[in-house]
1. Taking the range B:234-283 only, how many residues are of a type in the set (A, V, I, L, M), part of a helix (DSSP H, G or I) and either outside the structural domain of B:LEU186 (by TED's automatic domain parsing) or touching a residue at least 60 places away in the same chain (Cβ under 8 Å) (or both)?
2. Within 11 Å of chain B (Cβ to nearest Cβ), buried (at least 24 other Cβ atoms within 10 Å of the Cβ) and free of Cβ contacts under 8 Å to residues at least 40 places away in the same chain - does that describe any residue in the range A:122-134?
3. If I filter the range A:344-365 down to residues being in contact (Cβ under 8 Å) with a residue 60 or more places away in the chain and assigned to a loop (DSSP other than H, G, I, E, B), which single residue comes out as nearest to A:SER327 (Cα to Cα)?
4. For A:SER53, all conditions in the list (1) modelled with pLDDT of 95 or more; (2) touching a Gly at 6+ places or on another chain (Cβ under 9 Å) hold save one; what is the number of the exception?
5. From the list B:GLU82, B:GLU77, which one is at the interface with chain A (Cβ under 9 Å from one of its Cβ atoms) and either of a type in the set (Lys, Arg) or within 30 Å of A:SER327 (Cα to Cα) (or both)?
6. Looking only at residues in the range A:12-30 that are under 22 Å from the mean Cα position of the chain (by Cα) and among the small types (Gly, Ala, Ser), which one is nearest to A:PHE152 (Cα to Cα)?
7. If only one of A:ALA149, A:ALA109 is surrounded by 24 or more Cβ atoms within 10 Å (Cβ to Cβ), at the interface with chain B (Cβ under 9 Å from one of its Cβ atoms) and touching a strand residue (DSSP E or B) at 6+ places or on another chain (Cβ under 6 Å), which one is it?
8. Pairs please, first residue from the range A:57-75 and touching a residue at least 12 places away in the same chain (Cβ under 8 Å) and under 24 Å from A:ASP35 (Cα atoms), second anywhere and surrounded by 13 or more Cβ atoms within 10 Å (Cβ to Cβ) and acidic (Asp, Glu), Cβ atoms under 8 Å, 6+ apart in sequence or on different chains.
Number of protein chains: 2
Amino acid sequence: MSESYPFRFGGVVSTVIFRGELPRIGEILQREGQDFIVICDEHTEFLARRLASPSFEPFSPLVLPSGEENKNWEAVERILREAARRGLGRDGLFIGIGGGIITDLSAFAASIYMRGAGLVLIPTTLLAMVDAAIGGKTGFDLGGLKNFAGSFYPASAVFIVPETLEGLPEREWKSGMAELIKTAVLDWDPSALDKLEELDKLEEIEGQSGPALFKSSRLKEALAGAVRIKGALVEADPKETGTKRALLNLGHSFGHALESAAGLGKLTHGEAVAWGMARSCELGLELGFTPAERARKITGLLERGGYEIRVPHPAAPDKERFMEALSGDKKKRGGLLRFVVPGKKGAELVEYDSRVQSYLEVTFG
Amino acid sequence: MSESYPFRFGGVVSTVIFRGELPRIGEILQREGQDFIVICDEHTEFLARRLASPSFEPFSPLVLPSGEENKNWEAVERILREAARRGLGRDGLFIGIGGGIITDLSAFAASIYMRGAGLVLIPTTLLAMVDAAIGGKTGFDLGGLKNFAGSFYPASAVFIVPETLEGLPEREWKSGMAELIKTAVLDWDPSALDKLEELDKLEEIEGQSGPALFKSSRLKEALAGAVRIKGALVEADPKETGTKRALLNLGHSFGHALESAAGLGKLTHGEAVAWGMARSCELGLELGFTPAERARKITGLLERGGYEIRVPHPAAPDKERFMEALSGDKKKRGGLLRFVVPGKKGAELVEYDSRVQSYLEVTFG
């Protein structure tokens, strides 16, 4: 099995490749003899080692400490210095293998190494496959702000391989599923949501989960669908200067505020986004954008997925604190407070107005 | 007086604006009420303060320490944190006013701030006007390597204003003149060099120099010519993936090696480039690319400009060390050892071959 989805982000072609097994270094390099560095964390080091080609000299991956608290400039500098020590030039290749933190850090380092070196990513969490590794956003945290510094720098190739999901903790799995549901909502083809419902049932009936499900090809289809949607939105708006890419923030304004109000690191990104999507459905219903039937379908998927979607979220019972975080997020991002809500098909961007205000007051007042 | 030269670098329009006097903040902002931060060093703080608009709240520029040794991540982080403290969003504006170090640092910080904020540059040295502030290269030093990390991020506007050159030390002035000569060599119109010869005479006859010369409009013409040439080469090859932008490295392979061999900071960039251009003329003569008449004209300009062009350069008498630096530069940059030499018109890119090797052996053996 090998399927390729090439996208054009700005002037750059970025190809997402679904493969049955991990590629070897020899297959990853863009040309023979290219210098490279493999970046991983302690959880993905064993996968990084599997990239070794039998016919090649053995290589040592650079192993960074895992965790959001290590997504900082120090990590970026370690990558840059190690690449320099290994003699990489601008024509060298950075290969990041790991979850979203490793792919974001590797991609950012590649983007500034001699003003831009080669980049290939191998996401190893469902979340990174659906979201972080696709579309060229890179970054790291600074001064307590998530992804405060970064760049737009798409990988030339992103390899998606089931075996990398082996051993992914259940909670991480759920975190990725929330983004998968989100992307299905954005799909203009409403059957995308039905397919996820089937997947849901399959999981119940056959007791399959994780990589097994992936191999069963249903999940792979859903994932390919998500990649296709995200790719199309990013192609239409590579640097989020328009309104297309913003649609990917469905559930995120509410979700980010929930993460802040609960304390960073308490909830997974997916848990926060799932809760945020439930709010977006309520708001969309209130404003007349979201048909009731569609809102029920989405919240049904979220409930069966085991996500907490009640107000207030038990991890952030203080509604006032939540509202502060919601307006703080707006300030931090320097933009308007905008929401994305499910439409009849796909999703719609909604500006803050008196009706939005009234929904917020009723719900969080 | 106000002349604008718009360039298209990749997908971005970057306009170089020659003005009679410094613009005020109100004229610089891209829209009313835009948040901004002004970045300068202790030499340009007085100019930064002149940007204040009478009708605006007063502002405090961020004053960074000057000097190559301060062109580091710490400086970048200071800019990022200060911008965050002042509440700038992605739609905020970074205004860098200073020499190449300040414009490079400001531009790099803007390029990664929330993945890219607004950027306007006001170069205050001849070198930054001809080179650093034009064309989108940003960067800082890391691990002893100059501009080792960076990005391509053109300013939306670059203001070139004579009064900023007031008090520019003679040596800095000479450093910029070398780049001005270099760019005139790259010009396909051979009269560009003749114009510099006239400028040269004017300086001798009238005893004018620096800003006075600028105001006399001869230098302004030369500068506008240089901006036009650099802009055209960058438009043709914004990220140096082709061969056009590499022509701007005329004199730089030799010059960088000289800087290294002499010890970083001993020579100005222009002094090193001038010496490198003399070598490029010799090499071009040797290979039959550079007509003797043209080589004489260029070295004549360099000599009258007061540049040291003998071999070995008194600051780096050890030829072996120079040759090591020359091949080290090649490794560091991860590319081939290539040279740019003056052609009949403009310049030509020359790959390393046995004839180049023989020139190097005869000259530095």
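The values are calculated or read from the model by the stated rules, or taken from the named source; none is laboratory data. These figures come from a predicted structure and were not determined experimentally. Here the Cβ positions follow ideal geometry from the backbone for every residue, glycine too, while neighbour counts run over all protein chains shown.
1. 11
2. We begin by selecting, within the range A:122-134, every residue within 11 Å of chain B (Cβ to nearest Cβ); these are none.
Among the residues of the range A:122-134, not one is within 11 Å of chain B (Cβ to nearest Cβ), buried (at least 24 other Cβ atoms within 10 Å of the Cβ) and free of Cβ contacts under 8 Å to residues at least 40 places away in the same chain, which makes the answer no.
3. Among them, the one singled out is A:GLY346.
4. If we test A:SER53 against (1) modelled with pLDDT of 95 or more; (2) touching a Gly at 6+ places or on another chain (Cβ under 9 Å), just (1) comes out false.
5. Just one listed residue meets the conditions, B:GLU77.
6. A:SER14
7. Result of the check over A:ALA149, A:ALA109: A:ALA149.
8. Close Cβ pairs (under 8 Å, with a partner that is surrounded by 13 or more Cβ atoms within 10 Å (Cβ to Cβ) and acidic (Asp, Glu)) amount to A:PRO61/A:GLU45; A:LEU62/A:GLU82; A:VAL63/A:ASP41; A:VAL63/A:GLU45; A:LEU64/A:ASP41; A:PRO65/A:ASP41; A:TRP73/B:GLU77.
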